[in-house]
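Chemist: Structure incoming, see below.
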2 protein chains.
Amino acid sequence: MNSIEEKLIGIVGGVGPYAGLDLAKKIHDQTIASTDQDHLSVALISESVFIKDRTLFLLGEVKDNPGYAIANVIKKLDKIGVTVVGIPCNTAHSPKIFDVITQRMNEHDCRCKLVHMIDEVGKFLNQHFKTIKKVGILSTTGTLKTNLYPSCLQRFDIQTITPDTHMQNEVHDAIYNQEYGVKAFSNPVKKKARNTFLEAISVFEQRGAEAVILGCTEIPLAISEKQIGNCHLIDPTGCLARALIREVNPQKLRPYG
Amino acid sequence: MNSIEEKLIGIVGGVGPYAGLDLAKKIHDQTIASTDQDHLSVALISESVFIKDRTLFLLGEVKDNPGYAIANVIKKLDKIGVTVVGIPCNTAHSPKIFDVITQRMNEHDCRCKLVHMIDEVGKFLNQHFKTIKKVGILSTTGTLKTNLYPSCLQRFDIQTITPDTHMQNEVHDAIYNQEYGVKAFSNPVKKKARNTFLEAISVFEQRGAEAVILGCTEIPLAISEKQIGNCHLIDPTGCLARALIREVNPQKLRPYG
């Protein structure tokens, strides 16, 4: 048993509960392993009751910054010895929340390294799709308003495009609507939700997007394809999983594709 | 925020890695919740590299008792404040392993309560299928040899039946075979594996079984039905999930069925 195998990956679960499990699954799926014993060590803490809705906070509808509760989870993970941590929630990476998390981690003297999911999407595109210069962003209206992906991806010289207002409302509804949205119906997903995402992807492609980022952890539940038409589909949770494996044991990272 | 909501459920992951995630998912699925914040708190530690194969140990092919490594995981979970713990592995409940776990928990002064998955299957049958007196056991040959289910279920006055040697070999192969077994091919499952389980269930039914226990965490990946013919199908991971919810917050337990 060598020291590499002892490194523990931490997951901030509960944002939401299924997104945490999805990240853990994608870590195991993308690890080179043929027995239980080959798999990387993972610790996940899901305490969603303490973590206020990230979008509602950014929209000013909830007062408590969820960054404090997220930092408390990281503190617990740090205490049991994780060396690296990921947060499978796009909106939690908005500076207004993320800066509180890193500030509290400093105050708690956390030793673990926090991986930034949005940056990892940029690095992933840069590594595997180097020629791509224009990507569409599918997300909730909350995430869209934080300008998260555009501000990150411009550092990688990638131009981002977003849906027009009508289409963005449809996309947001395909996530949140109580009658057919993916948050309410994920297994199986309603046809109307999937069709909305497919239409948005098609419009992005017509506008010249070479890739589309599925920038809400619920969207990959409806769209599991890696490519539709000429558009590559990028799953941020999958990018984060690969980054976490790379941090603890790059030799165990399954080649992409 | 009341004290009930602060109770944390612990999961010994890694036995195997996907079984731990399956238990976490079934806890969330069976919780009455409509927002992230409604969900119960769960901590999962998956350190499969340290936990030797349970069946190989029982068959004498591996020397180290995996109970010690499992107890170390429980010690970590206890340290971060879980009040109750479950182990989603049938074989780990064999006395030769389980007794080491409870003994070490005592030595470590663990305060959390360890729920016994096999006992919970008995309680579940007793609560929801009170009239059932004869059940079939589908499991690996290793679990079969430990006599785990028969010795537990007889306390609930339930008779157990197992496949004949030929059929048991087929069932074991449908789990372990490198060409078509569920351990190697779980997504999607190979038709041959599923058909073997279906045939075994059919034979059990002909022999008078009113229910069949899917007594290996891989089998429910191939058989997701709750009933086939007149036979009720019992998923031990699902029973364990319900027990863990009941321990921390019984009001949040979704009614069965």
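The values are calculated or read from the model by the stated rules, or taken from the named source; none is laboratory data. Predicted model, so just to flag it, every value in this text is computed and none were measured. Reconstructed Cβ throughout: ideal geometry from the backbone, glycine too, with neighbour counts over all protein chains shown. For accessibility, only protein heavy atoms count, side chains too; no ligands or nucleic acids. Shrake-Rupley method; radii C 1.70, N 1.55, O 1.52, S 1.80 Å.
Chemist: Can you give the net charge of the other residues whose Cβ lies under 14 Å from the Cβ of A:Gly215, counting K and R as +1 and D and E as -1?
Modeler: -2
Chemist: For the pair B:Arg155/B:Lys96, report the inter-label distance in nm, with labels modelled 7 Å from Cα in the Cβ direction.
Modeler: Output for this residue pair reads 2.1 nm.
Chemist: Another one. Report, in debye and to the nearest 20, how large the dipole of region B:1-129 comes out about its Cα centre when Lys and Arg carry +1 and Asp and Glu carry -1 on their Cβ.
Modeler: In total the dipole reaches around 280 debye.
Chemist: Compute the long axis of helix A:165-176 from its Cα atoms, compare it with the longest principal axis of the Cα atoms of chain A, and write down the angle in degrees, 0 to 90, nearest 10.
Modeler: Taking the Cα atoms of chain A, the angle to A:165-176 is about 50 degrees.
Chemist: Quick one: with label points 7 Å out along Cα→Cβ, list the inter-copy distances for B:Val203 in nm, shortest first?
Modeler: Those label-point separations list as 5.8 nm.
Chemist: While we're on this one: Heavy atoms only, probe 1.4 angstrom, no DNA, RNA or ligands counted: give me A:Tyr180, A:Tyr256 ranked by accessible area, highest first.
Modeler: A:Tyr256, A:Tyr180
Chemist: If you project the alpha carbons of chain A onto their three principal axes, what span does each projection cover, largest first, in Å?
Modeler: Extents along the principal axes, in whole Å: 52, 43, 37.
Chemist: Nm distances between the label at B:Lys113 and the same-position labels in the remaining copies, 7 Å along Cα→Cβ, shortest first?
Modeler: Values, ascending and in nm: 4.2.
Chemist: A follow-up question, please. Please determine, in degrees from 0 to 90 and to the nearest 10, the orientation of helix B:191-206 with respect to the longest principal axis defined by the Cα atoms of chain B, where the helix direction is its Cα long axis.
Modeler: 80
Chemist: On to the next question. Going down the table (A:Lys79/A:Lys183; B:Lys76/B:Lys113; A:Lys52/B:Lys76; A:Lys123/B:Lys26; A:Lys252/B:Lys52), which pairs top 24 Å between alpha carbons?
Modeler: Table pairs above 24 Å Cα-Cα are A:Lys79/A:Lys183; A:Lys52/B:Lys76; A:Lys123/B:Lys26.
Chemist: Further question: State which stretch of chain A is the longest one without any exposed trypsin sites (Lys or Arg not before Pro), exposure meaning a DSSP loop state and at most 13 other Cβ atoms within 10 Å.
Modeler: The answer is A:131-206.
Chemist: Can you pull the accessible area of A:Met105 for me, 1.4 Å probe, Å² to the nearest 10?
Modeler: A:Met105 exposes around 20 Å² with every protein chain in place.
Chemist: So for region B:149-257, Kirkwood radius off the Cα pairs, Stokes-Einstein at 20 °C and 1.002 mPa s: how many µm² s⁻¹?
Modeler: The Stokes-Einstein estimate is 142 µm²/s.
Chemist: A follow-up question, please. With the crude spin-label approximation of a point 7 Å out along Cα→Cβ, what separation in nm comes out for A:Ser34 versus B:Val62?
Modeler: My value for the distance between the label points is 1.6 nm.
Chemist: Counting only GluC sites (Glu not before Pro) that are in a DSSP loop and have at most 15 other C-beta atoms within 10 Å, tell me the longest site-free stretch of chain B.
Modeler: Between exposed loop sites, the widest span is B:62-178.
Chemist: What spacing in nm lies between the two simple spin-label points modelled at A:Asn230 and A:Gln103, each 7 Å away from Cα in the Cβ direction?
Modeler: According to this spin-label approximation, the distance is 4.6 nm.
Chemist: From the label point of A:His166, set 7 Å along Cα to the beta carbon, how far off in nm is each other copy's matching point, shortest first?
Modeler: 6.7
Chemist: Place a point 7 Å from Cα of A:Asp164 in the direction of its Cβ. Which residues in region A:205-238 have their backbone N less than 18 Å from it?
Modeler: A:205-209, by backbone N distance to the label point.
Chemist: Beyond 18 Å, what share of the Cα-Cα pairs of region B:155-210 remains, rounded to the nearest whole percent?
Modeler: The calculated P(r) of region B:155-210 puts 39 percent of pairs beyond 18 Å.
Chemist: Within 14 Å, Cβ to Cβ, of A:Lys133, how many net charges do the neighbouring residues add up to if Lys/Arg are +1 and Asp/Glu are -1?
Modeler: +2
Chemist: Can you check what the net charge comes to around A:Thr162, using other residues whose Cβ is under 15 Å from the Cβ of A:Thr162 (Lys, Arg +1; Asp, Glu -1)?
Modeler: Computed value for this residue: -1.
Chemist: In whole Å, what three semi-axes, largest first, describe the equivalent ellipsoid of region A:79-209 built from its Cα gyration tensor (square root of 5 times each eigenvalue)?
Modeler: Over the Cα atoms of region A:79-209, the semi-axes work out to 29, 20, 13 Å.
Chemist: Can you compute the label reach from B:Lys145? Point 7 Å from Cα along the Cβ direction, backbone N cut-off under 19 Å, restricted to region B:205-239.
Modeler: Under 19 Å, as judged by backbone N against the label point of B:Lys145, lie B:215-217 of region B:205-239.
Chemist: Can you give the translational diffusion coefficient of the protein assembly as shown in µm²/s, computed by Stokes-Einstein from the Kirkwood radius over Cα pairs at 4 °C and 1.567 mPa s?
Modeler: Estimated diffusion coefficient is 54 µm²/s.
Chemist: Would you mind giving the total buried accessible surface between chains A and B, with a 1.4 Å probe and ligands, DNA and RNA left out, rounded to the nearest 100 Å²?
Modeler: 3100
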